[in-house]
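All remarks here apply to the structure that follows.
Where a number appears in this text, it was derived from the coordinates with a stated rule and is not lab data. This one's a predicted model, so the numbers in the text were calculated from it and none came from an experiment. Every residue, glycine as well, gets a Cβ built from its backbone with ideal geometry; the counts of neighbours run over all protein chains shown.
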Amino acid sequence: MNKNNTLILLKFASLFSYSQSVIEELLRSNENITISIMKENSTGNKEYSIKNISDKKSLIAKNKTTSKEEVLISENNKIKIIFGQERDDLWEYPARLIRESLNYLAFIERKDKGTFFENQKKYTPNFTKIIASIKILNLIFIKTKIYSNILTFIHLFIPTSRKIKSFILKNKCSKIVVVGGNWPSSEKRFCSEIDYIKAANTLNVKSVIQVVSWDNLTARGLYHYKPNIILVWNKQHAYEANKIHNIKRKNIQISGSPFMDKWFSLSSKIDTSEIFKKKLGLDANKPLITYLGSAKNITSTESIIVENLSEELKKLGIQIIVRPHPSNYMQFKSIEKRVKIIPNNGNLPDTTESKKLMIETISNSIATIGINTTAMLDSLILGSPAFAIVKPEFEKHQLSTYHFKQIIQYDLLNVVKSESEFIKILRNKSINYKKFEEKRNKFLKEFCRPNGVDKSAGSISAEIILK
């Protein structure tokens, strides 16, 4: 095998930006990269696909409204772009049943009854949900862990996928980096990424799992096979990898957040507040608030909140725009004639243009507000105070979710109980920006870049992978 050939495995083409800084650092270290994409996909207003350009395969992000295409990365003498190999043998069905049952039981074990537990129910076999719902069976089999231990034991006998083993050998992979690896499997689509870890272990190929997002360790399933190394963002992630996923501490490395690296190198071409507002048809002289939309599994009723905020903000001479979540932009269509929705159909900030837009939007806002979304972290990093509206009806989607409670503990995310409380803060001009900056610096050091604010998570991750 080629000693310098790293396979980067992406479940979706849109996940490239989550590992982009890692890939760029590996290339600087003279590493050969094979980017393996399991599925082309769409998110928000973008389509992600592999396309031949000048006889070279390229990963493309296409704007569905304008048809404009941007090349995210192209093949060259050090980069190869291919489609991944799914597991599709007779073991696929029992593997799905066992893994989704274990994922479900893990939520129960840690007493996480939030929105992500509800989402997991969709993938969990009925027989497991029945056992958990009947009190006597729950006491005998679930609370004693007899059921989970039996499932784990049976899972040990599922053999390595022959096709995935052949795929690794054919592509001469010396190292495998799985980006994610714990998404659920549905009846229509089996998620094979974790099977690459099993195959790598069988072939004695070094393997790495890269944690994708702030909630990945608690909001999705378990890692059903253990890699040589799991790259986590921070100490909290390290704790979760050990306690929830049973990964030994010696196999856990803290790298920081590669996905957040893009916010630490702001472009000098970012428009000023005046130019930015005029470009969007906003009043250049009025302060701006950005509402950060949440994913569909959090809520689909945010347009009501935005309308309430918009009316009250007008009285204060403040304007508002909405930055919708890529998977949940349709909920704002009813108000787009009254409130600016930017970008109109939601977008991941992964192209030059979309990154610039998000940086300008947040950095030119006096504050941001939302319910529960990763964009709140982006806001904190980019230096704009973020507010979360915490209401009883959102309990399942906020304080009942493990990762949201953890971020609250940093005392950096401002919690308000209603739109009116947020309006009152703005009316009284009581946002303490100096205190916010002090807490923000602590957050950057502990949460995003524990190895030093000046050192990218991508470079740390690449060093660990190369070793």
Within 9 Å, Cβ to Cβ, of residue 164, how many net charges do the neighbouring residues add up to if Lys/Arg are +1 and Asp/Glu are -1? +3
Listed by chain and number, the residues whose amide H is under 5 Å from that of residue 83, excluding neighbours fewer than 5 places away on the same chain and using placed H, are 37
How much length, in nm to one decimal, is gained on full extension between residue 455 and residue 77, taken as 0.36 nm per residue of separation minus their Cα-Cα distance? 133.3 nm
Within 14 Å, Cβ to Cβ, of residue 43, how many net charges do the neighbouring residues add up to if Lys/Arg are +1 and Asp/Glu are -1? +3
Does the range 263-448 come out rounded, prolate or oblate, given a ≥ b ≥ c as the square roots of the eigenvalues of its C-alpha gyration tensor, rounded meaning a/c under 1.5 and, failing that, prolate meaning a/b above b/c? rounded
A correct Karplus calculation of ³J(HN,Hα) over the range 36-43, with 6.51 cos²θ - 1.76 cosθ + 1.60, θ = phi - 60°, whole Hz and x for Gly and Pro, returns 10, 10, 6, 7, 6, 7, 10, 8
Please list, ordered by chain and number, the residues whose modelled amide H lies under 5 Å from the amide H of residue 386; skip anything fewer than 5 residues away on the same chain. 368, 414
Assuming R0 = 25 Å, can you tell me the calculated FRET efficiency for the pair residue 429 and residue 338, based on Cβ-Cβ distance, to the nearest 0.05? 0.45
By per-residue mean of other Cβ atoms within 10 Å, what is the highest-first order of 452-463, 149-160, 182-193? 452-463, 182-193, 149-160
Per DSSP, loop GluC sites (Glu not before Pro) in the range 22-76 with at most 16 further Cβ within 10 Å: 40
Checked against the structure, the computed Cα extents along the principal axes in Å among (i) 66, 63, 39; (ii) 80, 67, 40; (iii) 78, 47, 41 is the one labelled (i)
Going through the cross-link list 170/198; 226/439; 163/188; 296/391, which pairs have a Cα-Cα distance over 26 Å in this structure? 226/439
What order, most packed first, do the peptides 237-247, 219-229 have when packing is the mean number of other Cβ atoms within 10 Å of each residue? 219-229, 237-247
List the residues whose amide H sits under 5 Å from the amide H of residue 211, counting only those 5 or more places along or on another chain, with H placed 1.01 Å from N in the peptide plane. 231
Which whole-Hz couplings ³J(HN,Hα) result when phi for each residue of the range 248-255 is put into the Karplus expression 6.51 cos²θ - 1.76 cosθ + 1.60, θ = phi - 60°, listed in order with x for Gly and Pro? 4, 4, 5, 9, 9, 10, 8, 10
Of all beta bridges DSSP finds with both residues in the chain, what is the antiparallel percent, to the nearest 5? 25
Over all pairs of distinct alpha carbons, what does the Kirkwood formula give as the hydrodynamic radius of the range 92-155, in Å? 11.7
